[in-house]
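One structure is given here, and the rest of the page talks about it.
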Amino acid sequence: MSCDRIQDSLDAYLDRELDVLSARDFERHLNDCDACRVAFERYRDLQASVKTQLPYFQAPESLVRKIRTQLGSSERRGEPSTIAWRAWAVAASLVICLAFGTLLFRSALRPSSTELIADQVVSSHIRSLMANHLVDVPSSDQHTVKPWFNGKLDFAPPIRDLSPEGFPLIGGRLDYVDARAVAALVYKRRQHPINLFLWPASDVDSKPSALVIRGYHVIHGIQSHTAYWAISDLNADELKQFVQDFFYQSRERSDRSADYTTRTTVHSNFIAAKRGNAHNHGSQSPQMPVRPLIRESRLPLPAPCAA
Amino acid sequence: MSEKVWNKPTPEHVRKGEREVFERTVLPYVNAAYNLARWLTRREEDAEDIVQESLLRAMRSFGTFIPGRDARAWLLAIVRNCCRTRLRRKGLEEPADQLDETVPATGLWSNPETVLIENINSQLVRRAVEELPLEYREVLVLRELEELSYKEIAQILDIPLGTVMSRLSRGRRELHGRLCNVIQEGRK
C-alpha cells in the first residue's frame with residue numbers, strides 16, 4: 001500500500017470498515033513508513049477527541065410526552081387534581097391492567113416471535129442453499145420422505161405430491177427453528193428451490209401472511225394446527241400458488257372432516273380428545289398419512305391473487 | 001377466494017396490536033431521531049417539529065417496515081427526508097453540487113503541526129460541525145454519534161457506499177481544519 005492509499009483508506013481503517021486483507025496491508029505500511037505512522041496516530045487521536053466532544057442532543061421530555069399523546073398512547077397526561085381523582089385513577093388503571101394485561105402481553109409477544117422466526121427461516125433457507133445441504137433425504141416420492149422423518153421429529157409432517165401443479169418434491173431435511181426441530185420440505189419450481197418449514201402449533205389457524213425479507217418471499221400461517229413457513233426466491237404469486245396448493249386446495253374437506261384434523265398432528269389429536277370428540281380414535285397414530293384427500297374432489301384453483 | 005385466504009402482504013404484526021408494536025420497536029429511537037434532526041436543522045423548534053412529523057409518518061407507513069430490520073435506521077431515514085424537505089421549503093438547503101466529491105480529501109494530514117487536541121472542547125466542536133455543509137453533517141452524525149456502519153449510512157442517505165466513505169473522510173478533515181483555524185485564531 002502506498003502513502004497515498006493510506007490517506008484514502010485511513011477513515012475506513014479507523015471505522016473498521018476495511019476488509020481483512022486491506023487492513024493488513026494498511027498495518028504493514030504503517031510499520032514500514034514512519035511518516036505515515038506519525039500522521040496516522042495524530043489523526044486518530046484528533047478524531048477520537050473530536051468524537052468524544054461531539055454533543056448528542058437528547059429529546060426533551062416534553063417532546064416525548066407530546067409524541068406519545070399524538071400516537072394515542074394510553075399514558076396518563078397531567079396530574080389528577082384531587083385525592084379522590086387519584087384513587088379513582090389508580091383503581092381504574094388496576095382494572096385496566098387486570099383486564100387487558102394478558103391480552104396486551106400476548107399480542108405484544110406474538111410479533112416479536114414472528115420477527116424472530118422470520119429471521120431464522122430466512123437464514124436457514126440461505127444456509128441450506130449455501131452449504132449445499134438442501135436435503136437430508138433426496139426423493140421426489142412423498143412415501144419415501146415422510147417415513148424418513150419417523151423418529152427424528154415428534155410429529156409427522158404433512159407432505160404432498162405437488163408435481164402435477166408444477167412443484168416437484170426434491171426431498172426433506174431436518175432443521176431447527178424457534179428452538180425446536182422442524183421438518184423442512186424442499187420443492188422446486190423451475191430453478192427456484194422452495195423451503196417449506198413445518199411444525200405443530202397450538203394456536204388456532206391463521207391466514208397466510210406474505211413478507212419480503214432480504215429479497216426472499218416468505219409466506220407463513222397456521223393451518224390444521226401446523227405452523228408453516230414457505231420461503232423462496234420465486235416470485236410472490238407463484239409462492240402463493242404453492243402454499244395454496246399445499247394447504248388450501250382441500251380446505252373445505254379438511255374443515256368438514258374431524259377425522260382428518262385428528263390425524264394431522266399430535267396437538268389436534270390432543271385437542272380433539274379433550275373435547276371428547278366422538279370421531280376421534282385415540283389409539284390412532286399421529287403418524288397416519290396426513291392426506292386422505294381425494295384429488296378428484298379438489299376445489300377449483302383460486303384466481304391468482306393481486307400482490 | 002383470493003380475498004378470503006390472502007391478506008395483503010403486510011407483516012402480521014402491523015395488523016395485530018399495531019400501536020404497541022410500533023411503540024416498542026420505533027419509539028425507543030426518539031432520541032436518535034431528535035439528535036439527527038437537531039444537527040441537520042440546527043434549531044431546537046425545527047427539530048421538535050421534525051421528530052413529531054417523522055414519527056407520525058413512520059406510524060402511517062409502519063406497514064412497509066420489515067420486521068427484523070433495524071428500526072433505528074428506518075426511522076432515521078424518515079427523519080432525514082423530513083429535514084431535507086423542510087430545509088428545502090425554507091430555502092435553507094445548500095445546493096447538492098456544492099461538494100466536489102472528486103477532489104481528494106486534504107486537510108490536517110498535510111499540515112499536522114496545527115493539531116491542538118488539548119484545546120478542543122465541546123462548544124468548539126459543536127459550532128464547527130454546525131457550520132459544515134449538510135452533506136458532511138449528516139454522515140458525521142450518523143457515524144460518530146449513532147455509530148452506524150457505512151452500509152447502513154448508505155441506505156439511510158440513499159447514496160453509494162463509496163460516497164459515504166469519501167464524504168466521511170472529507171467531512172472529518174474539513175472539520176479538523178476548521179477547528180484548527182478557530183483555535184489558532186483564538187490564540188492570536
Shielding of A:60-71 by partner chains, average beta-carbon count, 10 Å: 5
Among GluC sites (Glu not before Pro) in segment B:130-188, those in a DSSP loop whose Cβ has at most 15 other Cβ atoms within 10 Å are B:GLU131, B:GLU147
Count charges around A:MET130 for me, please; just the other residues with Cβ under 15 Å from its Cβ, Lys/Arg as +1, Asp/Glu as -1. +1
Please tell me which of these pairs span more than 27 angstrom C-alpha to C-alpha: A:LYS66/B:LYS151; A:LYS146/A:LYS240; A:LYS146/A:LYS207; A:LYS66/B:LYS90; A:LYS146/A:LYS188; A:LYS240/B:LYS151? A:LYS66/B:LYS151; A:LYS240/B:LYS151
Using the alpha carbon gyration tensor of segment B:114-173, what are the three equivalent-ellipsoid semi-axes (square root of 5 times each eigenvalue), largest first, in whole Å? 23, 11, 10
Calculate, in nm to one decimal, what A:LYS207 and A:SER140 gain on full extension: separation in residues at 0.36 nm each, minus their alpha carbon distance. 21.3 nm
Quick calc, B:ARG88 & A:ARG5: beta-carbon distance into FRET formula, R0 41 Å, rounding 0.05, result 0.65
Please give, to one decimal in nm, the separation of the simple spin-label points placed at A:THR69 and B:SER61, each 7 Å out from Cα toward the Cβ. 2.7
What average count of beta carbons from other chains do you get within 10 Å of the Cβ of residues in A:118-130? 1
Determine the gain in length on full extension of the stretch A:GLN58-A:ASP233; use 0.36 nm per residue of separation and subtract their C-alpha separation, reporting nm with one decimal. 58.8 nm
More than 19 angstrom apart: percent of Cα pairs within segment A:3-53: 22
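Using 0.36 nm per residue, how much length does the chain from A:SER123 to A:ASP45 gain when fully extended, once their Cα-Cα distance is taken away? Numbers along the way, then the final one.
On the way: separation 78, 0.36 × 78 = 28.08 nm, distance 3.96 nm.
Contour length minus the Cα-Cα distance gives 24.1 nm.
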Using alpha carbons only, what's the Rg to Rh ratio of segment A:169-224 with Rh from Kirkwood? 0.97
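All of the numbers you see were taken from the coordinates with simple rules; none came from a lab. Nothing here was measured: the structure is a model prediction, and the numbers come from that model. Because the Cβ atoms are built from the backbone with ideal geometry, glycine has one as well, and the counts that use them run over all protein chains shown.
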